[in-house]
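Here is the structure we will look at, set down as structure tokens.
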Amino acid sequence: MSATRTISVTVNGKAYEREVEVRVTLADFLRQELGLTGTHLGCEHGVCGACTIQLNGRSARSCLTLAVQADGQEIKTVEGVAPSADELHPLQEALSEHHGLQCGFCTPGILLTLLEFLDDNPDPSEADIRLAISGNLCRCTGYQGIVDAALAAAERLRGGAAK
Amino acid sequence: MKPPPFEYHDPTTIPEAISLLGSYENARLLAGGQSLMPMLNMRYVFPDHLIDLNKVGGLDYINTDADGVEIGGMTRQRDIEFSDELAEHCPLLSEAIRHVGHIQTRNRGTMGGSLAHLDPAAEIPMVCAAMDARIRAQGPNGERTIPIAEFALGFMTTALAPDEMLVSVSLPGWASGHGAGFQEFGRRHGDFAIASAAALIEVGGDGKIARASLTISGVGPVPVRIEEAEEGLVGEAGSDGVFDTAAEACGELEALDDIHAPASYRQHLAKVLAKRALAQAWERAAS
């Protein structure tokens, strides 16, 4: 009985048109239909934050959104964060420099969450950052490296001297 | 993990949504999806029809007037968080909303969705109880307004009929300069609270409490107003002793006993958080 629908979405600036089963989540659509496997699935019920993407510029759990709901919308995934194939975004650089990742499973979700947050709060405190990533679980870093990276990236994005 | 099969409907108007809701058996409304989607993914629910409200116009607004605030059912929690109007007129909601989930879930989650879901530990139903919210619901027979006391019937159970839809929530205003206190205890920020307390205090010209509201949430199946404490506070000046007495009334509430905390611990928290919330509201109230 589960019907299908044809949807048009823009992902990382590229337009796609696909027929999807209506019960498919946006996360599964991105991974299985578009092959964008940078978006990770951890808990699949909205707790771990690994599947965080941006829907029209706002971070959202792609496991708690249906693909059909993304029809006509703009999506950004981790594949669209770096400005080019051989250049990293300042936040990606900072995560690398400050040991903000080990296994990397949570990193796509952390990136998409922090990019939105740093847009809203260009000069955050450490406590602000910890609150902002409270919806992203990381089992490797103990969060310290992620927080350091976010502080460094914020400074770099404000145009301050990079440390 | 996948949601079970369902038929998907995406109406664009309120009458269309209500007509769909009334014409199908086993239909569910999908608002922000931050509770229903996990339930679908885990197959706790098997609706035959899913009616998505995200394209319905006229449900996303915050209107302030002399009587208070009216918030559309599909207003995103994140928009409530960023609203300067609400920060000024409804500081309790502004503060409590920051404890609802996380940035990512507040970006999608809605005012009406959380209230209709009625989780016993959720912040939005608590604020509605504290402020005597009035819930506007529409169904095939028209519209009715339900006071929160009659809306929250029991554990995750509302007075909404199967063919009714929550349209908006009105929060009657408190005097300008009233103080709001909000205290919550959870294991981690963004988790469901083990217990929480909300207090509102208006101070009269004589420097004494003229009006008070005290609500405990997360302890029992629905948020509860502690009327005995509220009555006792009126006419008093805020002090440690006065708030101790008021908080005492919270220690005997019927409490949930589960994997997160035993009932006795929730009862203990209720007293401690009630006192802190009252002291905070008193401190913030302009005399």
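The values are calculated or read from the model by the stated rules, or taken from the named source; none is laboratory data. This is a predicted model, so every value here is computed, not measured. With ideal geometry, Cβ positions are generated from the backbone for all residues, glycine too; neighbour counts draw on all protein chains shown. For the accessible areas, the whole protein counts, side chains as well, though only heavy atoms, and no ligand, DNA or RNA atoms are used. Shrake-Rupley method; radii C 1.70, N 1.55, O 1.52, S 1.80 Å.
Some points to look at:
- Summing Cβ point charges (Lys, Arg +1; Asp, Glu -1) relative to the Cα centre of chain B gives a dipole of roughly 820 debye.
- Whole-number accessible area per residue in Å² for chain B, which is evaluated in the context of all protein chains at 1.4 Å: 41 Å²
- Number of partner chain Cβ atoms within 10 Å, mean per residue of B:151-164: 0
- Highest mobility in the GNM of chain B, judged by mean-square fluctuation with C-alpha springs under 10 Å and restricted to B:L50, B:L29, B:L93, is found for B:L50.
- Compared with the dominant principal axis of the Cα atoms in chain B, helix B:14-23 is inclined by about 70°.
- Solvent exposure of the stretch A:4-80 amounts to 37 Å² per residue of accessible area, where only protein heavy atoms count and the probe is 1.4 Å.
- Using the Cβ-Cβ distance between B:E252 and B:H189 with R0 = 35 Å, the FRET efficiency computed as 1/(1 + (r/R0)^6) comes to roughly 0.75.
- Around B:K271: net Lys/Arg minus Asp/Glu count, Cβ-Cβ under 11 Å: 0
- Ignoring lysines fewer than eight residues from A:K14 along the same chain, the ones with Cα atoms less than 21 angstrom from its Cα are A:K76.
- Other residues with beta-carbon under 14 Å from the beta-carbon of B:Y44 carry, at +1 per Lys or Arg and -1 per Asp or Glu, a net charge of +1.
- Gaussian network model of chain A, springs between alpha carbon atoms under 10 Å - residue of A:A82, A:A152, A:A50 with greatest fluctuation: A:A82
- Fraction of accessible area attributable to carbon and sulfur, the protein assembly as shown (%, probe 1.4 Å): 48 percent
- Using the 1.4 Å probe convention, the accessible area of the stretch A:90-157 works out to 42 Å² per residue with neighbouring protein chains retained.
- Principal semi-axes of the equivalent ellipsoid, √(5λ) from the alpha carbon gyration tensor of chain A, are 29, 16, 13 Å from largest down.
- Normalising by residue count, the stretch A:1-85 has a Cα convex hull of 88 Å³ per residue.
- For the stretch B:47-56, Karplus couplings with θ = phi - 60° (6.51, -1.76, 1.60), whole Hz, Gly/Pro x: x, 7, 10, 10, 10, 7, 8, 5, 9, 6
- Note on the stretch A:4-80: with charges restricted to the Cβ of Lys and Arg (+1) and Asp and Glu (-1), its dipole about the Cα centre is near 180 debye.
- Contact order for the stretch A:4-80, expressed relative to its length and based on alpha carbon pairs under 8 Å spaced 6+ residues apart, stands at 39 percent.
- Placing +1 on the Cβ of every Lys and Arg and -1 on the Cβ of every Asp and Glu, with nothing else charged, gives the stretch A:90-157 a dipole about its Cα centre of roughly 340 debye.
- Against chain A, whose longest principal axis comes from its Cα atoms, helix A:107-120 is set at around 70 degrees.
- DSSP bridge analysis restricted to the protein assembly as shown gives an antiparallel fraction near 85%, rounded to the nearest 5.
- The alpha-carbon of B:K275 sits under 19 angstrom from the alpha-carbons of these lysines, leaving out residues fewer than 8 places away in its chain: B:K208.
- Rounded Å value of the spacing that divides the Cα centres of the stretch A:91-154 and the stretch B:1-63: 34 Å
- GNM remark for chain B: springs join alpha carbons under 10 Å apart, and the peak mean-square fluctuation among B:R144, B:R76, B:R266 falls on B:R144.
- Relative contact order for the stretch B:67-172, counting Cα pairs under 8 Å that sit 6 or more residues apart, in percent: 32 percent
- Summing +1 for each Lys or Arg and -1 for each Asp or Glu among the other residues whose beta-carbon sits under 11 angstrom from that of B:I18 gives -4.
- Mean Cα-pair separation over length for chain A, i.e. relative contact order, pairs under 8 Å, 6 or more apart, %: 22 percent
- Peptides B:234-241, B:160-167, A:22-29, A:114-121 ordered by average Cβ neighbours within 10 Å, highest first: A:22-29, B:160-167, A:114-121, B:234-241
- Buried area at the A-B interface (accessible, heavy atoms, 1.4 Å probe, summed, Å²): 2800 Å²
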